[in-house]
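*Asks:* First, the structure itself, so that you have it in front of you.
The values are calculated or read from the model by the stated rules, or taken from the named source; none is laboratory data. The structure presented is a predicted model; accordingly, all values stated were derived computationally and were not measured. Quick reminder, even Gly has a Cβ in these numbers, built from the backbone with ideal geometry, and neighbours come from all protein chains shown.
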Amino acid sequence: METTMNILFISIEGNTRSFLTRLQAFAKQQHSINSQNLTINLKEITDQTVPEAEDKNFFAFVPTYLDGGNGFDSGFNELMTNALGEYIASNNNADKCIGVVGSGNKNFNEQYCLTARKYCDQFDAPFLADYELRGTDEDIDNIYTILQKRWKTVEA
Ligand SMILES: Cc1cc2nc3c(=O)[nH]c(=O)nc-3n(C[C@H](O)[C@H](O)[C@H](O)COP(=O)(O)O)c2cc1C
């Protein structure tokens, strides 16, 4: 059984990176309290990342950057975060994507976390959770629990 959960992410303005760095520290602390708790391995995807095949399961964390439309009855364009979607679409990596966590800003109403929901459709992966901006300590605690439950279910 793996003792580390893998996360792929993209972060344009640093919020997602901040959230995940804190989540990773939280996981390390939980692991030190009880070795059954899983640690976290992070991989940041940027426009410079060369696509490669992922050989282990992973979660995808994606913030939302859209222009136009509401994504349902009118179209929208994904901006800034395409490198992550392209990475997952390449090399059959979608087969290893076992869940998506979205982030965004609720001021965007129907477009809140829409890119994450789009990835779930496209990659046939479950939508596991969402949080706003840099997330709260409560989000970290909750999302860690959700990820660990999903990881252990899939890996069992
Ligand atoms: C130009 C721009 C467009 C955005 N569009 C959306 C959106 O459509 N839906 C949403 O939920 N959040 C939207 N956001 C909020 C970002 O998703 C949010 O700030 C997120 O935390 C950014 O993550 P990052 O700092 O890791 O890049 C937008 C932010 C910017 C700057």
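*Asks:* Could you grab me the full set of residues in region 25-49 that are in a loop (DSSP other than H, G, I, E, B) and under 15 Å from residue 148 (Cα atoms)?
*Replies:* 34, 35, 36, 37, 38
*Asks:* Can you say whether residue 82 is surrounded by fewer than 18 Cβ atoms within 10 Å (Cβ to Cβ), within 14 Å of the chain's Cα centre (by Cα), more than 10 Å from the ligand (Cβ to nearest atom) and free of Cβ contacts under 8 Å to residues at least 12 places away in the same chain, as far as the supplied structure shows?
*Replies:* Answer is yes for this residue.
*Asks:* Kindly provide the set of residues from region 19-39 that are among the hydrophobic types (A, V, I, L, M, F, W, C) and free of Cβ contacts under 8 Å to residues at least 60 places away in the same chain, ordered by number.
*Replies:* 20, 25, 33
*Asks:* Any chance region 24-44 includes a residue that's within 11 Å of the ligand (Cβ to nearest atom) and either farther than 28 Å from residue 137 by Cβ or within 11 Å of the chain's Cα centre (by Cα) (or both)?
*Replies:* yes
*Asks:* Scan region 125-143 residue by residue and report those that are outside any strand (DSSP E or B), within 16 Å of the ligand (Cβ to nearest atom) and free of Cβ contacts under 8 Å to residues at least 60 places away in the same chain.
*Replies:* Correct list: 136 only.
*Asks:* Just a yes or no: is a residue in region 60-73 at pLDDT 95 or above and under 21 Å from residue 3 (Cα atoms)?
*Replies:* Looking for residues that are at pLDDT 95 or above and under 21 Å from residue 3 (Cα atoms), one finds at least one in region 60-73, hence yes.
*Asks:* Filter region 112-156 down to the residues that are β-branched (Val, Ile, Thr), exposed (fewer than 15 other Cβ atoms within 10 Å of the Cβ) and over 22 Å from residue 38 (Cβ atoms) and list them by number.
*Replies:* Selection gives nothing.
*Asks:* Only one residue in 60, 89 is part of a helix (DSSP H, G or I) and either exposed (fewer than 14 other Cβ atoms within 10 Å of the Cβ) or touching a residue at least 24 places away in the same chain (Cβ under 8 Å) (or both). Which one?
*Replies:* It is 89.
*Asks:* Restricting attention to region 1-23, which residues are more than 13 Å from the ligand (Cβ to nearest atom) and in a loop (DSSP other than H, G, I, E, B)?
*Replies:* 1, 2, 3
*Asks:* Continuing with the same structure: Mind checking whether some residue in region 100-113 is part of a helix (DSSP H, G or I), under 14 Å from residue 8 (Cβ atoms) and either near the ligand (Cβ under 8 Å from one of its atoms) or at pLDDT 95 or above (or both)?
*Replies:* Checked against the condition, which is being part of a helix (DSSP H, G or I), under 14 Å from residue 8 (Cβ atoms) and either near the ligand (Cβ under 8 Å from one of its atoms) or at pLDDT 95 or above (or both), region 100-113 yields no hits at all.
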